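Laboratory data are not the source of any read-out in this text; all were calculated from the coordinates shown. Remember, it's a predicted structure, so these values are computed and weren't measured experimentally. Positions of Cβ are generated from backbone atoms using ideal geometry, with glycine treated the same way; all protein chains shown enter the neighbour counts.
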Amino acid sequence: MLSDSEISLAAARLEEAERTRKQTGLLSLDYPNISMEDAYRIQDRWVQGKLAAGDTPVGWKIGLTSRAMQQALNITTPDSGYLLESMRFADGGVVPAGRFIAPRVEAELAFIMKHDLSPDATLYDVLNATDYVVPSLEILDTRIQRRDPVSGVLRNVFDTIADNAANAGFVLGGKPVRPLEHDLRWLGAIVAANGQVEETGLGGGVLNHPAQGIVWLTQRLGAYGHAVRAGQVVLSGSFIRPIEAPPGTTITADFGPLGTVSCHFSKD
């Protein structure tokens with residue numbers, strides 16, 4: 001287990017990377033004994049600094065829900081991070097130039113909760129506790145390098161978790177629907193960058209059902225003294241690979257009967 005001072009130092013490195021738009025080195029190289037618990041402690045410490053500066057928590061994101069991504073990182077479990085009010089962007093809105101380091105975008109279903117969830121919630125409990133589901137885009141950014149320039153070592157799951165599960169922004173849009181109005185496994189999106197279709201996917205790619213990720217989330221949060229609360233937004237996990245979004249890119253996700261959600265990354 002890392003010391004409290006090491007946790008604080010790692011969190012400060014993440015904050016500095018975000019402020020300067022310059023990535024920091026791999027924490028997994030600097031702290032070879034880092035554990036998953038340490039990584040979540042770093043994430044919590046970084047978020048505590050955000051809250052102390054006046055930001056507001058609005059929910060959670062779930063990542064690494066697809067089998068392909070888990071195999072790529074040699075893990076068997078998803079990860080999670082915080083959603084903060086400062087991360088919210090309007091549907092069809094503009095992401096200012098220089099806001100992020102190297103943004104990428106994923107498409108997923110967002111659950112808006114009407115009731116709290118207990119750590120032992122089932123899939124049916126999640127559906128009953130959900131007010132509505134809407135299309136969403138998650139903006140990923142990496143405050144930690146993806147690859148160490150000297151050794152060539154790749155970032156691992158501990159780096160990703162510490163880095164708030166790579167979350168940096170989110171967009172909600174489209175048409176809200178009740179969770180039992182559709183089979184969420186068969187809801188999906190056609191995602192385009194500047195009009196060119198880049199990815200397609202279905203909700204079933206997320207642990208076989210998007211709500212299943214929230215079941216996992218309630219268990220993980222319960223183990224760390226947190227919970228999914230009424231009114232919170234939960235991004236249930238992407239069913240596409242991340243799409244690069246350099247300046248000048250417009251990302252549009254067409255969710256069919258649920259409408260579209262989009263954002264534009266400004267050059268200026």
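What FRET efficiency would be calculated for the residue pair Glu181, Leu51, taking the C-beta separation as r and a Förster radius of 30 Å, to the nearest 0.05? Write out the running numbers ahead of the final one.
Working: r = 35 Å, r/R0 = 1.17.
My answer for the efficiency is 0.30.
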Rounded, prolate or oblate (a/c below 1.5 giving rounded, otherwise prolate when a/b exceeds b/c) for the range 191-259 by Cα gyration tensor:
prolate
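Suppose every Lys and Arg Cβ carries +1 and every Asp and Glu Cβ carries -1, with no other charges. What dipole size does the range 195-268 come out with about its Cα centre, to the nearest 20 debye?
With only Lys, Arg, Asp and Glu charged at Cβ, the dipole is about 360 debye.
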Taking every DSSP beta bridge with both residues inside the chain, roughly what % is antiparallel (nearest 5)?
85 percent
Say each of Asp131 and Asn208 gets a label point 7 Å from the Cα, pointing the same way as Cα to Cβ; how far apart are those two points in nm?
3.1 nm
Short version: ³J(HN,Hα) in whole Hz for each residue of the range 17-24, in order, from phi by Karplus 6.51 cos²θ - 1.76 cosθ + 1.60 (θ = phi - 60°), x for Gly and Pro, what are they?
4, 5, 5, 8, 6, 10, 5, 9
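In terms of the Cα gyration tensor, with a ≥ b ≥ c the square roots of its eigenvalues, is the range 70-168 rounded because a/c is under 1.5, prolate because a/b exceeds b/c, or oblate?
Numbers: a/c = 2.71, a/b = 1.37, b/c = 1.98.
It comes out oblate by the Cα gyration axes.
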Give me the lysines in straight-line cross-link reach of Lys114: C-alpha distance below 23 Å, same-chain residues under 8 apart excluded.
Lys61, Lys175
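Subtract the Cα-Cα distance of Val58 and Lys114 from 0.36 nm times their separation in residues, and report this length gain in nm to one decimal.
Working: separation 56, 0.36 × 56 = 20.16 nm, distance 1.32 nm.
Extending this stretch completely gives an extra 18.8 nm.
From the square roots a ≥ b ≥ c of the eigenvalues of the alpha-carbon gyration tensor of the chain, which class results: rounded (a/c under 1.5), prolate (a/b over b/c), or oblate?
Working: a/c = 1.60, a/b = 1.22, b/c = 1.31.
It is oblate, given that a/c is not under 1.5 and a/b is not larger than b/c.
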Each label sits 7 Å from Cα toward the beta-carbon; between Ala223 and Arg21 the label points are separated, in nm, by 3.8 nm
Run the helix sum for the chain: -39,500 (n - 2.57) per DSSP H stretch of 4+ residues, divided by residue count, reported at 222 nm to the nearest 500 deg cm²/dmol.
-8000 deg cm²/dmol
Count charges around Ile62 for me, please; just the other residues with Cβ under 14 Å from its Cβ, Lys/Arg as +1, Asp/Glu as -1.
-2
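Which value, in debye to the nearest 20, gives the size of the charge dipole of the chain about its Cα centre, when Lys and Arg are +1 and Asp and Glu are -1 at the Cβ?
Working: 24 positive and 31 negative charges, 62 e Å.
Magnitude of the dipole: close to 300 debye.
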